[in-house]
Amino acid sequence: MSGITGKNIVITRPLQDMKRFIDLLLGRGAAPVKFPTIRIERPEDDAPVKNACREIESYDWIVFSSSNGFRAFMEHLRSVGRSAENLKSVRICAVGSSTRRYIEKRRLRVDLMPAKHTGMAAARSLIASHDMAGKRVLVPTSQIGQKELPEELTEAGAKVDVVIAYGTMIETRHSSRSRNALMNGPVDAITFTSRSCVENLVEILGKADFTILAMRAPFFSIGPTTTKYLESIGTPPAAEANPHTIEGLIEALEKYFEKEQENGANPKSP
């Protein structure tokens, strides 16, 4: 039996990204609680990303930092009459195993995936393994994409084009019932898969209720960027995923609750 069997685990990532997380939780007997804090939308101006799609063969590398970025880019590619076939002449860097899975499902080869699932790690891996001077690199991202990756590659001499492939908006369409369930219902853990999930939940609930939620149940972070932000606002996570994937997050949850059960079964002597 898993350490999270019977536990109510809150998922704050976008609805369209929840399926795998939900399946993994259900497979371990946990109860997923859906409370999305991000909504994925089309970018306000899609001309730059469509132009990049039209001249995709002119790039040496394309870096996908999320499955959302890949899915959105493929939609733009199709909209200008291109297909996955046109990507086969371009080397692909994927940040994270989930992103890699989505790419490989389209029968595309991932040429590089950094061991650490961050944009900075991707940039450093590219620079360490390839001469990036003069190379054209395309980075499809959201309007809040991290700047470290393109900045690091530019410093190494690469010619980087950052295009907005999708927009991320705060998910405000929560009923009073779902909010009440989060604040007063059975909740054993709250998971965050990005800094944006944290920022948006603070905005949705308000700082006071967010702080109350942090006292109700432990927070769990997928990686260092999310952890650093949680710490900066005074609500450090109980654990961070290692590796920085959904599977790693599940493992962190299991270890935490297994340890809690052991401590409960073997209380320390006064």
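Computed from the coordinates by the stated procedures, all read-outs in this text should not be read as laboratory data. Note that this is a predicted model, so its numbers are computed, not measured. Cβ coordinates were reconstructed from backbone atoms using ideal geometry, including for glycine residues, and neighbour counts include every protein chain displayed.
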With runs of 4+ DSSP H residues as the only contributors, calculate the mean residue ellipticity of the chain at 222 nm using -39,500 (n - 2.57) per run, divided by the residue total and rounded to the nearest 500.
-13000 deg cm²/dmol
Sorting I92, I127 on the 10 Å Cβ count, fewest up front, what's the list?
I127, I92
Going down the list K88/K135; K228/K255; K7/K116; K19/K105; K7/K34, which pairs span over 24 Å between their C-alpha atoms?
K7/K116
Residue separation times 0.36 nm, minus the C-alpha to C-alpha distance between A128 and K105: what's the value?
5.5 nm
What is the distance, in nm, between label points placed 7 Å from the Cα along the Cα-to-Cβ direction at S2 and at N51?
4.6 nm
Let me make sure I get this right: for the stretch 140-237, a, b and c are the square roots of the gyration tensor eigenvalues over alpha carbons, sorted descending. Under 1.5 in a/c it's rounded, otherwise prolate if a/b > b/c, else oblate. Which is it?
prolate
How far is helix 67-79 tilted off the main Cα axis of the chain, in degrees rounded to 10, range 0 to 90?
40 degrees
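Remind me, relative contact order of the chain in percent, using alpha carbon pairs under 8 angstrom and six or more residues apart? It would help to have the intermediate numbers written out before the result.
Values: 476 pairs, mean separation 58.0, N = 270.
Once normalised by length, the contact order is 21 percent.
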Listing S142, S97 by rising number of other beta-carbon atoms within 10 angstrom, fewest first, gives S97, S142
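Please find the FRET efficiency linking E203 to E247, where r is the Cβ-Cβ separation and R0 is fixed at 30 Å, and quote it to the nearest 0.05.
On the way: r = 29 Å, r/R0 = 0.96.
That gives a FRET efficiency of 0.55.
In what sequence, highest mean first, do 194-201, 240-247, 229-236 appear when ranked by Cβ atoms within 10 angstrom?
Details: 194-201: 22.2, 240-247: 19.4, 229-236: 14.6.
Result, highest mean first: 194-201, 240-247, 229-236.
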Anisotropy class of the stretch 42-169 from Cα gyration tensor, a/c 1.5 cut
rounded
Length released on extending from S232 to A115, taking residue separation times 0.36 nm less the Cα-Cα span
39.6 nm
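If I take every Cα pair under 8 Å that is 6 or more residues apart in the stretch 42-169, average their sequence separation and divide by the length, what percent do I get for the relative contact order?
Numbers: 235 pairs, mean separation 39.7, N = 128.
Reported relative contact order: 31 percent.
Checking the a/c ratio against 1.5 first, then a/b against b/c, what shape does the Cα gyration tensor give for the stretch 88-138? Each step should come with its number before you reach the end.
On the way: a/c = 2.53, a/b = 1.27, b/c = 1.99.
Here the stretch 88-138 falls in the oblate category.
Pull up the DSSP beta bridges for the chain and report the antiparallel fraction as a percent, rounded to 5. Working shown, then result.
Values: 4 of 30 bridges.
Antiparallel bridges make up about 15 percent of those DSSP assigns within the chain.
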In sequence order, what are the phi-derived ³J(HN,Hα) couplings for the stretch 95-103 according to the Karplus relation 6.51 cos²θ - 1.76 cosθ + 1.60 with θ = phi - 60°, rounded to whole Hz, with x for glycine and proline?
9, x, 5, 5, 4, 4, 4, 4, 5
If I model a spin label at Q146 and E85 as a point 7 Å from the Cα along the Cα→Cβ vector, what separation in nanometres do I get?
3.6 nm
